[in-house]
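J.: So that we are looking at the same thing, I have put the structure below in structure tokens.
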Amino acid sequence: MAQVRYVSASRVYGKNAPPAVDALDLEIRDGEFMVLVGPSGSGKTTALRMLAGLEPLDAGRVEIGERDVTFVPPKDRDIAMVFQNYALYPQKTVAQNMGFALKMQGVPKDERDRRVREAARLLDLDDQMLDRKPRQLSGGQRQRVAMGRAIVREPRVFLMDEPLSNLDAKLRVQTRSQIAELQRRLGITTVYVTHDQVEAMTMGHRVAVLARGKLQQCATPRELYDNPVNQFVAGFIGSPAMNLQTVPLTDGGARLAGTVLPLPAAVRTAASQAGLGELVAGIRPEHLHLANGSGELAGEVLLVEDLGADALLHVRLAGDADPVVARTEGRTPPAPGQQVTFHVQPDDIFAFHPVTGARLAG
Amino acid sequence: MTVIEDLAPPPKVEVRPRGVSRRERWQRRLPLLPALIYTIVVTQIPFLVTLYYSFQSYFWNTTAPAHFNGVSNYKTVFTTPAFRSALWRSVVMTAAAVIIAMILGVALAVLLDRKFFGRGVVRTLLITPFLIMPAAAALVWAGPMLDPNFGLLNYLLAPFGVHHVAWLSTHALGSVIVVMIWQWTPFMTLIVLAGLQSQPPDVLEAAKVDGAGAFATFRELTLPHLRPYIELGILLGSIYLVNVFDQVRLMTNGGPGTATTNLPFYLYQQVNYAFDIGGAAATGVVTVILTIIVATFALRMFARVFRFEEAV
């Protein structure tokens, strides 16, 4: 049980390469489930490995429970890690895999067996499986053994590096909730790395979004969704992604698809202060409301993706704007080729600086 | 839809490609025939001839023609102490050389399995002994290295109070074994190095996180992982070293006395000193049978290594 802090932690691989992790400042509270999310190359895995001690820091420091562990080897950090490919010990049985860390700590055999069994029960691994070798297990079972190996330790921090990426879609959803539930029950501080924003949103108490080695935003999933601080976070969080269009500014708002979208006063003020002639407007798919011909945005339906509960409309708006995606009720979606109009609430429009990508007040 | 597809039986795999006639198959294999015939001529026919002579009484130094004498050659093989002591010496030499070479090989491989400046050069230098002809190596060791008066070893040991030791007379067996080890350590290093480099790095990282130190990681994870590679190295090394001849012939000539007479050298003596073709043939047949037994184990081990590779 411990809090974790990154203080201006940096990692540079090549001499002239940009830092893989650039002055990361992040505080993870005791017992918190923190998800690091970002596209590949964002530095999320490097950040996790720095915390594990598998990657040295080039600047800054890392603390676990108030203690500076920057130069502490992994084995003395009291952490447990679940690897992307599980990294089970191939020559050891499941029970030996799970009990290895305890053996290294010199825990007597009886105690070890008891704790392995306990962890196995927690993960629904039955007793006969404990005597098998990892190669005799299915992917899902291996994943659970890897989890078990981490749990048996009762470490201060769990580190998980995309532990679900090798599972099929259905198992992934199932295991996702199991891990979140298990973490809640054990109350152990967890840092979880994923590139999947759905995993990030559903599992994390808070989510840290990284891009190109820099922390973009760290907030609760709800806050990230409702209040992204910049264009990257807005585009990364949410599925399907937010519609982002560069639009010219006019007196009352922004010009899009032949009409003027009204913008909130605060955004207009911010834009004029920055001396902008255009900005990037972002509208989430569910904020484009179908409005039987009376909406301000008109366009033609190109494609309908029916997801059951709802449908996604790919629409080319009037003018030469890129197609946008709108989420609509699934029962009676318009057909491809049909002309539709949308209504948008001014408050649902996000505005970003066209160059820096920063959110314009709103 | 997908469910139905999943339930469909998997397509049967044809062992023999369909539409290939008997004639076509022969045409495909025909080019291999000369190699097969050559192999038979140079290995199987001499073996049959050897088998024939092993039942004959045939001496090169008499004018008497060869004549059938039953299994008496084999009786001699199994009753003469010379054969047994040569066999035992072969076992001792092979076992000592292979085991020590393997221990050194593991140590060197572990040292080589990390990045350091000049690794490529060091690796090449370490492999060199394996590339030298056994006869050349034996001559270099017997002369410049181990000579009682001018040898490098005595020169190097002089500061420690060792003077003019005639290594090849006083420590003959040990000296021959040292040369065998010197020559075979690189082979073991290469095999073990291949094993080390096939160990997934994330397993080693997992061990670090699990609190295992370097020694515990080696004992608990690396050594079990290396086991099939070590077994392979030991068996291949044994097959080669049980036949060692060059070093014995050129360094000690089997002596002093019979101190370094192993099976191949004993066979050589039977032909070239005793001119006993029948006896030598019988000894050879027995040696071949013993070698086949060892080789069978080796081949099984091969199969195991490949199974292991597949499973991982």
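The values are calculated or read from the model by the stated rules, or taken from the named source; none is laboratory data. Here the structure is a predicted model, which means the values were calculated and not measured. Because the Cβ atoms are built from the backbone with ideal geometry, glycine has one as well, and the counts that use them run over all protein chains shown. Surface accessibility is based on the protein's heavy atoms, side chains included, excluding ligands, DNA and RNA. Shrake-Rupley method; radii C 1.70, N 1.55, O 1.52, S 1.80 Å.
J.: Where does helix A:169-186 land angle-wise versus the long Cα axis of chain A, in degrees 0 to 90, nearest 10?
T.: That works out to roughly 60 degrees.
J.: Sticking with this one: Are any of the pairs A:Lys92/B:Lys208; A:Lys44/B:Lys115; A:Lys44/A:Lys103; A:Lys44/A:Lys92 more than 20 Å apart by Cα-Cα distance, and if so, which?
T.: Working: A:Lys92/B:Lys208 16 Å; A:Lys44/B:Lys115 26 Å; A:Lys44/A:Lys103 31 Å; A:Lys44/A:Lys92 30 Å.
Where the Cα-Cα span goes over 20 Å, the pairs concerned are A:Lys44/B:Lys115; A:Lys44/A:Lys103; A:Lys44/A:Lys92.
J.: Further question: Say the dipole of the protein assembly as shown comes from +1 at the beta carbon of Lys and Arg and -1 at that of Asp and Glu; which of A:Ile64, A:Gln197, B:Gly237 then lies farthest toward its positive end?
T.: So the residue we want is B:Gly237.
J.: Mean residue ellipticity at 222 nm from the helices of chain B, using -39,500 (n - 2.57) per DSSP H segment of n ≥ 4 over the full residue count, to the nearest 500 deg cm²/dmol?
T.: On the way: 16 runs with 203 residues, N = 312.
Calculated from helices alone, the mean residue ellipticity at 222 nm is -20500 deg cm²/dmol.
J.: Please give the per residue volume of the convex hull enclosing the alpha carbon atoms of chain A, rounded to a whole number of Å³. Each step should come with its number before you reach the end.
T.: Values: hull volume 59.0 nm³, N = 362.
Output value, Cα hull per residue: 163 Å³.
J.: Can I ask one more? Pick out, from B:Phe150, A:Tyr6, A:Phe352, the residue whose Cα sits farthest towards the positive end of the charge dipole of the protein assembly as shown, with +1 on the Cβ of Lys and Arg and -1 on the Cβ of Asp and Glu.
T.: About the Cα centre, the residue reaching furthest to the positive side is B:Phe150.
J.: Taking Cα centroids, how far is the stretch B:165-221 from the stretch A:12-58 in Å?
T.: 37
J.: If one takes the longest principal axis of the Cα atoms in chain A, at what angle in degrees, from 0 to 90 and to the nearest 10, does the Cα axis of helix A:139-153 lie?
T.: Taking the Cα atoms of chain A, the angle to A:139-153 is about 60 degrees.
J.: Treating only the Cβ of Lys, Arg, Asp and Glu as charged (+1, +1, -1, -1), what charge dipole size does the protein assembly as shown show about its Cα centre? Round to the nearest 20 debye.
T.: On the way: 64 positive and 57 negative charges, 535 e Å.
The dipole of the protein assembly as shown has a size of about 2560 debye.
J.: Using the membrane-span-like helix rule (whole DSSP H runs, Cα extent along the own axis of at least 30 Å, mean Kyte-Doolittle hydropathy at least -1.0), which helices of chain B qualify?
T.: On the way: long enough: B:81-112 (45 Å, 1.88); B:172-197 (38 Å, 1.63); B:277-311 (50 Å, 1.37).
Membrane-span-like by this criterion, though nothing is claimed about a membrane: B:81-112, B:172-197, B:277-311.
J.: Another question, then. So what is the accessible area of the protein assembly as shown per residue, in Å², with the probe set to 1.4 Å? Don't jump to the answer; show the numbers that get you there.
T.: Working: 34810 Å² over 674 residues.
Counting only protein heavy atoms, the per-residue value for the protein assembly as shown is 52 Å².
J.: Wrap a convex hull around the Cα atoms of the stretch B:52-192, take a quarter of its surface area, and give that in square nanometres.
T.: For the stretch B:52-192, averaging the hull's shadow over all directions gives 13.4 nm².
J.: Tally Lys/Arg at +1 and Asp/Glu at -1 over every other residue whose Cβ is under 14 Å from the Cβ of B:Leu30; what's the total? List each step's numbers first, then the result.
T.: Working: positive: B:Arg22, B:Arg23, B:Arg25, B:Arg28, B:Arg29; negative: B:Glu24.
So the environment of B:Leu30 carries a net charge of +4.
J.: Here's something else I'd like to know. Pop out the carbon and sulfur fraction of the accessible area of the protein assembly as shown as a percent, whole number, probe 1.4 Å.
T.: Details: 21010 of 34810 Å².
In the protein assembly as shown, the share of accessible area belonging to carbon and sulfur is 60 percent.
J.: Give me the accessible area buried between chains A and B, both sides summed, with a 1.4 Å probe, in Å² rounded to the nearest 100. Before the final figure, lay out the partial values.
T.: Values: alone 16990 and 19650 Å², together 34810 Å².
Buried area between the two chains comes out at roughly 1800 Å².
J.: Output needed: percent of Cα pairs per 10 Å distance bin for the protein assembly as shown, bins running from 0 to the one holding the longest distance.
T.: P(r) for the protein assembly as shown, in whole percents per bin: 3, 11, 15, 15, 14, 13, 11, 7, 5, 4, 2, 0, 0.
J.: Taking the alpha-carbon distance from A:Lys15 and a cut-off under 20 Å, which aspartates and glutamates remain once sequence neighbours fewer than 8 residues away in the same chain are dropped?
T.: Here the aspartates and glutamates satisfying the reach criterion relative to A:Lys15 are A:Glu55, A:Asp58.
J.: Give me a single rounded figure for A:81-90: the average over its residues of other chain Cβ atoms within 10 Å of their Cβ. List each step's numbers first, then the result.
T.: Working: counts 6, 2, 6, 1, 4, 3, 10, 4, 8, 9.
Counting Cβ atoms of other protein chains within 10 Å of each residue's Cβ and averaging gives 5.
J.: Work through the residues other than B:Thr260 whose Cβ is under 13 Å from its Cβ and net out their charges, Lys, Arg +1 and Asp, Glu -1. Kindly include the intermediate steps, with their values, before the conclusion.
T.: Values: positive: B:Arg89, B:Arg249; negative: B:Asp246.
Net local charge, B:Thr260 excluded: +1.
J.: Let me spell out the model: positive unit charges on the Cβ of Lys and Arg, negative unit charges on the Cβ of Asp and Glu, origin at the Cα centre of the stretch A:173-227. What dipole size does that give, in debye rounded to 20? All intermediate terms of the calculation are to be shown ahead of the outcome.
T.: Values: 7 positive and 5 negative charges, 30 e Å.
That gives the stretch A:173-227 a dipole magnitude of about 140 debye.
J.: Within the P(r) computed for the stretch B:119-183, what percentage of the Cα pairs occupies the region above 19 Å? Kindly include the intermediate steps, with their values, before the conclusion.
T.: Values: 810 of 2080 pairs.
The calculated P(r) of the stretch B:119-183 puts 39 percent of pairs beyond 19 Å.
J.: Could I ask something else about it? Can you check what the Kirkwood hydrodynamic radius comes to for the stretch A:196-302, Cα pairs only, in Å to one decimal? Spell out each step's value before the answer.
T.: Working: mean 1/r = 0.0639 Å⁻¹.
One decimal place: 15.7 Å for the Kirkwood radius.
J.: Taking the Cβ of A:Thr93 as the centre, find all other residues whose Cβ is under 9 Å away and add up their charges (Lys, Arg: +1; Asp, Glu: -1).
T.: It works out to a net charge of +2.
J.: In whole percent, what relative contact order does chain B give with Cα contacts below 8 Å and a gap of six or more residues?
T.: On the way: 296 pairs, mean separation 86.2, N = 312.
After rounding, I find 28 percent.
J.: What whole-number distance in Å separates the alpha-carbon centres of the stretch A:269-319 and the stretch A:151-196?
T.: 36
J.: Considering chain A as a Gaussian network with a 10 Å cut-off on Cα pairs, which listed residue, A:Phe33, A:Phe350, A:Phe100, attains the greatest mean-square fluctuation?
T.: Looking only at A:Phe33, A:Phe350, A:Phe100, the biggest GNM fluctuation is shown by A:Phe100.
J.: Now for a separate question. Could I get the Rg over Rh figure for the stretch A:164-233? Both from C-alpha atoms, Rh via Kirkwood, rounded to two places. Show your work: numbers first, answer last.
T.: Values: Rg = 12.9 Å, Rh = 13.1 Å.
With Rh from the inverse mean 1/r over Cα pairs, Rg/Rh is 0.99.
J.: Hey, what's the Cα Rg ratio for the stretch B:53-311 versus the globular rule of thumb, 2.2 N^0.38 Å? Working shown, then result.
T.: Values: Rg = 22.4 Å, N = 259, 2.2 N^0.38 = 18.2 Å.
Against the compact-globule rule of thumb, the ratio is 1.23.
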